[in-house]
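Please read the structure below before turning to the comments.
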Amino acid sequence: MAERQELKVVGRPLPRVDAAAKVTGVAVYADDLHLPRMLHCRILRSPHPHARIVSVDATAARRIPGVKAVLTGQDLPIRFGILPVSQDERALESEKVRYVGDPVAAVAAVEEEIAEAALRSIRVEYELLQPVMSIEEALQEPPDEPIHDRAYTRQPANLHRRVNYEFGDLEAGFAAADHVREDVFFFQGNTHLPMEQHSAVATYVDGRLTLWSSTQVVHYVHRTLAKVLELPMNRVRVIGAVHGGGFGGKTDPFSHEIVVARLAMVTGRPVKCTLTREEVFYAHRGRHPVMMWVRTGVTRGGRITGQHWRTALDGGAYGSYGAASVFYTGTLQTVTYDIPAYKFEGVRVFTNKAPCGPKRGHGTPQPRFALELHLEKIAVDLGLDPVELKRQNFVKPFTRSVNWLRVTSCGLEECTEKVLAASGYRRRERRPGRGMGFAVSAYMSGAGTAIYWNDMPHSEVNLKVDRTGVTAFCGAMEIGQGSDSVLALVVAEELGIGPGEVRLTTADTDLTPVDLGSYSSRVTFMAGNAALEAARRMRLLLVEAVAEKMGVRGDLSEIEVGDGRVGDFSFEEACELATARFGALSSTGSYTPPRMGGPFKGSGVGPSPAYSYSACVLALEADARTGLVRVERVWIAHDVGRAINPLLVAGQVEGSVYMGLGEALMEEQAYRKGRHKWPSMLEYKSPTFVDMPEVETFIVETIDPEGPYGAKEAGQGPLLPVIPALNAALHDALGIWIDEVPVTPEKVLRALEAKSKGQPPRHGPKGFPAVDYGAPIRVEPPDPRDMRVGEELEAAFREAEGRRLC
Amino acid sequence: MLVAGGTDLYPKLKRRQFDPDTLIGLSGLEELRRVTGDARSGLRLGALVTLAEAAEHSALVQAHPGYAEAAGLVSSPPLRNVGTIGGNLCVDTRCNYYDMTYEWRESVGFCLKKDGDICLVAPGSPRCWAISSSDTAPVAIALGATVTLVGPEGERELPVSAPYRDDGIEYLAKRPFEVLVSLRLPPTDGVRTAYAKLRRRGSIDFPIAGAGVALKTDGHCVEWARLVMSGVGSHPVEAPAAGEFLAGKQLTAEVIAAAAELAAKPAKPLDNADLNHFWRKRMVRVLVEQALERAATQDQGVLGRG
Ligand SMILES: Cc1cc2nc3c(=O)[nH]c(=O)nc-3n(C[C@H](O)[C@H](O)[C@H](O)COP(=O)(O)OP(=O)(O)OC[C@H]3O[C@@H](n4cnc5c(N)ncnc54)[C@H](O)[C@@H]3O)c2cc1C
Ligand code: SF4
């Protein structure tokens, strides 16, 4: 969007619009809702990792005084799932259970304790099946039966999805290399750990269902409720309650949301279900554990000539976003480094664990960890400075990658400069036990394609202006990332008023137009653009009415809008003039990303209208005797395009660093005896704020041509470089490689022991399992200078039909 | 069951690790909130003194800094504001097969300590190996402190170590209904104390190993030393061999290392707490060294540092 005016509110460090309500405790979260005659629901979950359900007998539970309804699998037979290709979940399972925590039955009672007691009296007879608890096991044919039906998976063993792509001539790439290196890495799974547990409240009155939920995407919950409950969408209303954190963990539709809705329909009373902390660990959809193998060819000088990836993702029991996650472990490497030939093979398997899905960085922190460390090792092999090796391979702004991803604004260089200068990386003290590490990354500002196929906008905003002021309506869900504040700022900027003067109604499917939700770092970019369009249209109406009154004709640009004035009139007067002139005032805006993907099947995962960039230097102290690592300081620079609110951006960056450090050092969704080892806030270790080092944040602005005011994402990207920077710093400190996350002290000692015995100084996976990835789809790379999108790009595909190699 | 601050008990009730018919709250007993005495005569701490009060009590910090430090290292600030020193000495033993919800324990199979008949950590074992996890017990025992118990059969004063038993289930040989009313710490009299704690994070976490030290020197050499460890067995584990070894020696780096080696021997961590138990076993030595070093450097002028 073209630069038009001097910005008044955009770019200023203003407090969040929801800050006061949240810090004073008056914000109403889903669990705070108490409706008259409300019932409480508890869900009975499988105690077994893998079993067939022989029978469910709820007779005794139904007889307990205070119990108003009991549901079992028979009551909710329709399958659902977030992706159209993975409709593999049921709100309550009736045939089999696939992980400890799989929902089987539900009770609504006048008190939560009664519901809980009723669960204990439900008799479920199970026939136990062999649990599959690792990637290696899932790749083998199971002794009894696969976790999911073959009719659904159409895959051998417990495979869920396989992808295999080759872009450019890989063989030639490796032939051009002076040095080729292979490494294997493992990234352990971890969970989101939001402060707020999931919670939902449903009412059903006059054939209309209303659900308040702690969700990141009211629209997907809306679609799922309509499908599973067989209600027309206009009979279902989903409202996003004030949200206590998601990080990707509330992006799927969940069993408890469907269950309370059905219970409200059955009982005619409001029903609430708030998950316990233990249940949140089972709802999960967190970071996939991923095994990775990577092979790279480089010239003597360190230029990459070709790269080949193999990944294997442990998906847990259900599909969730997994069919996309497997792509994400292979697609975004090429938007930081210019790789002329690139092959990527990925597989996602089912195991009997809580289902994995999107967590901050969705599918990309794992390969980013591996890639950055792998390049560090190549630099050591070649005797080069790792920063310089990485730097000479950086992608250039406004280029198209080998796998057809269109890179526009790109602040990699500037981010790198900032953190190198601030940290003194080059002049760092070289002393055993102290080290610094450097890493970079990139992330999407929203996915270019919707998760279900349609041609409609990804975000829509309505603006209402009348004699009482301005209200913006948008389906976007404020999950703590600041999307409400961004909406208010954009509208305020365009209408020349203060952000506090913009009233907001968001995430209510009866009142707000559709936004695809708070995930994929898409809201500022997409809802921001939609708001910008709606606000500019409204501004025009106000200016026209004022112009008429002022007798200005022709060029209306002399009518200034700002500081609460439109031309000679106050904003309020302008609203009255415009209402008198045009009648009821409303305007709309929407945003649809252009078609950007390449000419091949599966090209929809990875393209984004813009990529954010980050660079990080991390300093640590590591004790060779204990293996304990203490992070001293993190310098991080993030190219956000434009900081619409620098306070919010810095908050996202610091939060990302915090979360990245937790993943790097301790967080682990570990299993033992077929069960989650520690589904508790005390035992699942995540850093406290006394464990948090100083963070120095640098905001880099590259003014993206497509983002609102040039803005790109900030919510996920800055997490990515933190993890590999830690492992690189550890190598700097102790000369060891920990090729595995999290880096526990025991692993550090093991690597040191290997080093002292003259073995390779590392700890990590020994090898990568044999996987049949099937035949690759071969794709000819684009012209790297081809920036075309949308119709133009598609016309080019049609012309070049013959170029397609697949 | 008795309850003081409830910081240990209430979460356990929620997870159904206990299902008592009656809870008897001690918080109304005002006289158990007092600290009396001083460094010269010894201090008496009422059982309801909170951990936060103990950690900051100036006479206590002066008299026995190691004890105050241990109290200040328990859990997190909000829990220290409520949790009591008496409750800390009586704190339940821990095991990550046991400190879980009823549903989780039912799913994995109940164990000996609650509702079941086998030990999941050591399935062949007839006993429970749940871990003694009090941060304040080691220094209190090393100091030779005493506790006063009051029950229907009267009052008795015992060394702090006396009520502990090497059993994850019956870890306290206290008679039912006996209330721990106070902890008496001896006069300072030149005794130095220190506590070192190992935990994953800088706050909240229980000790996965802890080392408490009390020692007295004659200006050059150690007259006597006592070392007690937390988190390495079902009771606070004393290391008498290390204490005997230290007697008559200067606290040089070599001596400290050798003592720590001896002290670590009886530590037997199992795979039922945070982090790998082999690593934990190796860390015990490091912790004991840290504690000894800290006790030694409380007055650097006197002690030889090699
Ligand atoms: C998240 C978390 C972290 C924790 N971290 C630590 C830690 O790092 N280190 C640590 O040592 N502890 C820790 N604790 C345990 C606990 O908070 C402390 O041990 C605290 O000192 C217990 O005191 P309380 O008064 O709250 O005990 P309560 O919970 O009231 O009681 C604990 C037990 O002692 C008995 N009891 C209490 N007072 C008396 C008395 N006067 N006479 C007889 N019996 C009595 C009770 O019957 C009960 O069995 C933690 C707890 C939690 C929940
Ligand atoms: S040590 Fe064994 S018996 Fe004791 S709590 Fe743990 S699993 Fe149960």
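Has region B:88-96 got at least one residue that is surrounded by fewer than 17 Cβ atoms within 10 Å (Cβ to Cβ) and either at pLDDT 95 or above or within 14 Å of ligand 2 (Cβ to nearest atom) (or both)?
no
Using beta carbons and a limit of 6 Å, which pairs, at least six apart or on different chains, have the first residue in region B:100-111 and touching a residue at least 40 places away in the same chain (Cβ under 8 Å) and the second one surrounded by fewer than 18 Cβ atoms within 10 Å (Cβ to Cβ)?
B:Tyr102/B:Arg16
For region B:201-213, what are the residues that are more than 11 Å from ligand 1 (Cβ to nearest atom) and open to solvent by 10 Å² or more (accessible area, probe 1.4 Å)?
Selection gives B:Gly202 alone.
Of the residues that sit in region A:416-435 and are in contact (Cβ under 8 Å) with a residue 12 or more places away in the chain and part of a strand (DSSP E or B), which one is surrounded by the most Cβ atoms within 10 Å (Cβ to Cβ)?
Among them, the one singled out is A:Gly435.
Can you confirm whether A:Thr588 is surrounded by fewer than 18 Cβ atoms within 10 Å (Cβ to Cβ), under 30 Å from A:Ser612 (Cα atoms) and in contact (Cβ under 8 Å) with a residue 24 or more places away in the chain?
yes
For B:Arg165, indicate whether it is open to solvent by 50 Å² or more (accessible area, probe 1.4 Å), modelled with pLDDT of 95 or more and assigned by TED's automatic domain parsing to the domain that holds B:Ala47.
yes
Checking A:Glu372 against (1) more than 25 Å from A:Glu632 (Cα to Cα); (2) among the charged types (D, E, K, R); (3) under 24 Å from the mean Cα position of the chain (by Cα), only one condition comes out false. Which one?
With (1) more than 25 Å from A:Glu632 (Cα to Cα); (2) among the charged types (D, E, K, R); (3) under 24 Å from the mean Cα position of the chain (by Cα) applied to A:Glu372, the lone miss is (1).
Yes or no: A:Glu89 touching a residue at least 60 places away in the same chain (Cβ under 8 Å) and out of contact with any helix residue (DSSP H, G or I) (no Cβ under 8 Å at 6 or more places or on another chain)?
no
Just to be sure before I move on: is A:Ala800 open to solvent by less than 90 Å² (accessible area, probe 1.4 Å), free of Cβ contacts under 8 Å to residues at least 40 places away in the same chain, outside the structural domain of A:Pro609 (by TED's automatic domain parsing) and closer than 21 Å to A:Met596 by Cβ in the structure I sent?
no
Taking into account only those residues within region A:670-719 that are among the polar types (S, T, N, Q) and either within 14 Å of another protein chain (Cβ to nearest Cβ) or out of contact with any helix residue (DSSP H, G or I) (no Cβ under 6 Å at 6 or more places or on another chain) (or both), which is farthest from A:Tyr282 (Cα to Cα)?
A:Thr702
Among the residues that make up region A:761-777, is at least one of them in contact with a Pro (Cβ under 9 Å, 6 or more places away or on another chain) and in a helix (DSSP H, G or I)?
no
Being more than 14 Å from chain B (Cβ to nearest Cβ), open to solvent by 10 Å² or more (accessible area, probe 1.4 Å), on the phi > 0 side of the Ramachandran plot and under 24 Å from the mean Cα position of the chain (by Cα) narrows it down to one residue among A:Gly651, A:Gly602; which is it?
Values: A:Gly651 fails: on the phi > 0 side of the Ramachandran plot.
Of A:Gly651, A:Gly602, the one residue that is more than 14 Å from chain B (Cβ to nearest Cβ), open to solvent by 10 Å² or more (accessible area, probe 1.4 Å), on the phi > 0 side of the Ramachandran plot and under 24 Å from the mean Cα position of the chain (by Cα) is A:Gly602.
Scan A:Arg310, A:Arg287 and give me the residue that is under 26 Å from A:Glu345 (Cα atoms), modelled with pLDDT of 95 or more and open to solvent by 40 Å² or more (accessible area, probe 1.4 Å).
Criteria check complete, one pass: A:Arg310.
Does region A:538-558 contain any residue that is within 30 Å of A:Ile451 (Cα to Cα), part of a helix (DSSP H, G or I), touching a helix residue (DSSP H, G or I) at 6+ places or on another chain (Cβ under 9 Å) and open to solvent by less than 10 Å² (accessible area, probe 1.4 Å)?
Kept after step one, since they are within 30 Å of A:Ile451 (Cα to Cα), are these residues of region A:538-558: none.
Scanning region A:538-558 turns up no residue that is within 30 Å of A:Ile451 (Cα to Cα), part of a helix (DSSP H, G or I), touching a helix residue (DSSP H, G or I) at 6+ places or on another chain (Cβ under 9 Å) and open to solvent by less than 10 Å² (accessible area, probe 1.4 Å).
Which ones in region B:123-145 are away from chain A (no Cβ under 14 Å), more than 16 Å from ligand 1 (Cβ to nearest atom) and more than 15 Å from B:Asp92 (Cβ to Cβ)?
Once the filter is applied, which keeps residues that are away from chain A (no Cβ under 14 Å), more than 16 Å from ligand 1 (Cβ to nearest atom) and more than 15 Å from B:Asp92 (Cβ to Cβ), region B:123-145 yields B:Gly124, B:Ser125, B:Pro126, B:Arg127, B:Leu143, B:Gly144.
Considering each residue of region B:254-269, count those that are modelled with pLDDT under 95 and either open to solvent by 50 Å² or more (accessible area, probe 1.4 Å) or within 11 Å of another protein chain (Cβ to nearest Cβ) (or both), and give that number.
Residues meeting the conditions: 3.
Determine if region B:232-253 includes at least one residue that is closer than 20 Å to B:Leu73 by Cβ, within 14 Å of chain A (Cβ to nearest Cβ) and not basic (Lys, Arg).
No; the residues of region B:232-253 include none that is closer than 20 Å to B:Leu73 by Cβ, within 14 Å of chain A (Cβ to nearest Cβ) and not basic (Lys, Arg).
Residue under question is B:Lys113, and the condition is that it be within 30 Å of B:Glu53 (Cβ to Cβ), within 16 Å of ligand 1 (Cβ to nearest atom) and of a type in the set (D, E, K, R); does it hold?
Working: within 30 Å of B:Glu53 (Cβ to Cβ): no; within 16 Å of ligand 1 (Cβ to nearest atom): yes; of a type in the set (D, E, K, R): yes.
When the stated conditions are applied, B:Lys113 does not pass them.
Considering B:Ala70, B:Ala54, which residue is out of contact with any Asp or Glu (no Cβ under 7 Å at 6 or more places or on another chain), within 27 Å of B:Ala142 (Cα to Cα), more than 16 Å from ligand 2 (Cβ to nearest atom) and open to solvent by less than 10 Å² (accessible area, probe 1.4 Å)?
Answer to the check: B:Ala54.
For region B:276-290, how many residues are within 16 Å of ligand 2 (Cβ to nearest atom), open to solvent by 20 Å² or more (accessible area, probe 1.4 Å) and touching a residue at least 40 places away in the same chain (Cβ under 8 Å)?
Selection size over region B:276-290: 0.
Per-residue answers, yes or no, for (1) away from chain B (no Cβ under 14 Å); (2) of a type outside the set (Gly, Ala, Ser); (3) over 28 Å from A:Ser612 (Cβ atoms):
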position: A:Ala264; (1), (2), (3): yes, no, yes
position: A:Glu278; (1), (2), (3): no, yes, yes
position: A:His284; (1), (2), (3): yes, yes, no
position: A:Met291; (1), (2), (3): yes, yes, no
position: A:Ile304; (1), (2), (3): yes, yes, no
position: A:Ala312; (1), (2), (3): yes, no, no
position: A:Gly315; (1), (2), (3): yes, no, no
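Hey, any hits in region A:744-752 for a residue that's within 14 Å of another protein chain (Cβ to nearest Cβ) and open to solvent by 40 Å² or more (accessible area, probe 1.4 Å)?
Yes - at least one qualifying residue is present in region A:744-752.
Name the helices (runs of 4 or more DSSP H) wholly within region B:1-119 that hold at least 2 residues that are more than 14 Å from chain A (Cβ to nearest Cβ)?
On the way: elements: B:9-14, B:51-56, B:58-63, B:65-72, B:77-82, B:85-90, B:102-108.
The helices (runs of 4 or more DSSP H) meeting that bar are B:51-56, B:58-63, B:65-72, B:77-82, B:85-90.
Go through (1) open to solvent by 20 Å² or more (accessible area, probe 1.4 Å); (2) in contact with a strand residue (DSSP E or B) (Cβ under 6 Å, 6 or more places away or on another chain) for A:Glu413 and report which single condition fails.
(2)
The values are calculated or read from the model by the stated rules, or taken from the named source; none is laboratory data. Owing to the predicted nature of the structure, the values given are computational and were not obtained by experimental measurement. Cβ sites come from the backbone with ideal geometry, for glycine too, and all protein chains shown count toward neighbours. Just the protein is used for accessible areas: all its heavy atoms, side chains included, with ligands, DNA and RNA removed. Shrake-Rupley method; radii C 1.70, N 1.55, O 1.52, S 1.80 Å.
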